[in-house]
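The block underneath contains the structure these notes are about, expressed in structure tokens.
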Amino acid sequence: MQLVVARIGRAHGIKGEVTVEVRTDEPELRLGPGAVLTTDPASVGPLTIETGRVHSGRLLLRFEGVRDRTAAEALRNTLLIADVDPAALPDEPDEYYDHQLMDLDVVLADGTEVGRITEITHLPSQDLFIVERPDGTEVMIPFVEQIVTEIDLEAQRAVIDPPPGLIDDRAEIASARDDEAADDSGETGNTEDAH
């Protein structure tokens with residue numbers, strides 16, 4: 001199975017180094033010296049990592065055969081793709097590869113269906129599940145321990161305990177606030193109560 005592990009950014013310096021946007025939880029395994037990665041677009045690769053280092057919080061890579069800024073800049077926006085055994089699991093028991101989480105059913109602790117994971121977005125602060133609800137709308141669920149309480153790969157489901165408002169209908173929440181505001185001002189939202 002092939003997984004995108006990074007996207008090449010700008011050239012750094014004049015000796016062929018590039019910045020990369022890491023898209024894997026295991027950069028030391030997937031983006032280490034000697035790793036051979038296929039690319040998208042395919043015409044650019046495969047690329048073999050020669051060196052890697054962290055500079056100002058960003059990973060910098062140099063590839064074999066890329067020796068100057070011009071060659072490095074030509075790689076910009078290329079996706080780096082690693083071959084991964086689909087049965088392989090991350091080293092940490094509470095970590096998962098994206099392909100393991102895709103299409104999991106998302107349910108509340110009582111079994112109420114929320115939807116299905118259709119995409120996983122990796123942000124600097126946390127990962128997000130993009131969940132398609134049965135009515136076709138989407139909801140974003142932060143992949144944090146306090147909200148995603150269980151991942152059961154055998155049952156193909158993710159159990160969540162969302163805070164109020166995360167998956168509730170926003171219109172209902174807004175109207176409840178409007179009613180509270182009206183109550184506070186001495187007015188009511190319901191004319192029958194005003195008599």
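The values are calculated or read from the model by the stated rules, or taken from the named source; none is laboratory data. A quick note: this is a predicted structure, and the numbers were derived from the prediction, not measured. Cβ: placed from backbone, ideal geometry, glycine included. Neighbour counts: every protein chain shown. Ligands, DNA and RNA are stripped out before the accessible areas are found, and what is left, the full protein with its side chains, is counted by its heavy atoms. Shrake-Rupley method; radii C 1.70, N 1.55, O 1.52, S 1.80 Å.
Accessible surface area normalised per residue over segment 45-153 is 58 Å², counting heavy atoms of protein chains with a 1.4 Å rolling probe. A straight chain from THR51 to GLU28 at 0.36 nm per residue would run longer than the Cα-Cα distance by 7.1 nm.
Around the amide H of ILE120, modelled in the peptide plane, lie the amide H atoms of ILE130, all under 5 Å away and 5 or more residues distant in sequence or on another chain. Projecting label points 7 angstrom from Cα along Cα→Cβ for ASP110 and GLU145 puts them 2.7 nm apart.
Ignoring ligands, DNA and RNA, please state the percent of accessible area on segment 1-143 from carbon and sulfur, probe 1.4 Å.
So the carbon and sulfur contribution to the accessible surface is 50 percent.
Tell me, what is the FRET efficiency for ASP83 and GLU119 to the nearest 0.05, using R0 = 25 angstrom and their Cβ-Cβ distance as r?
0.70
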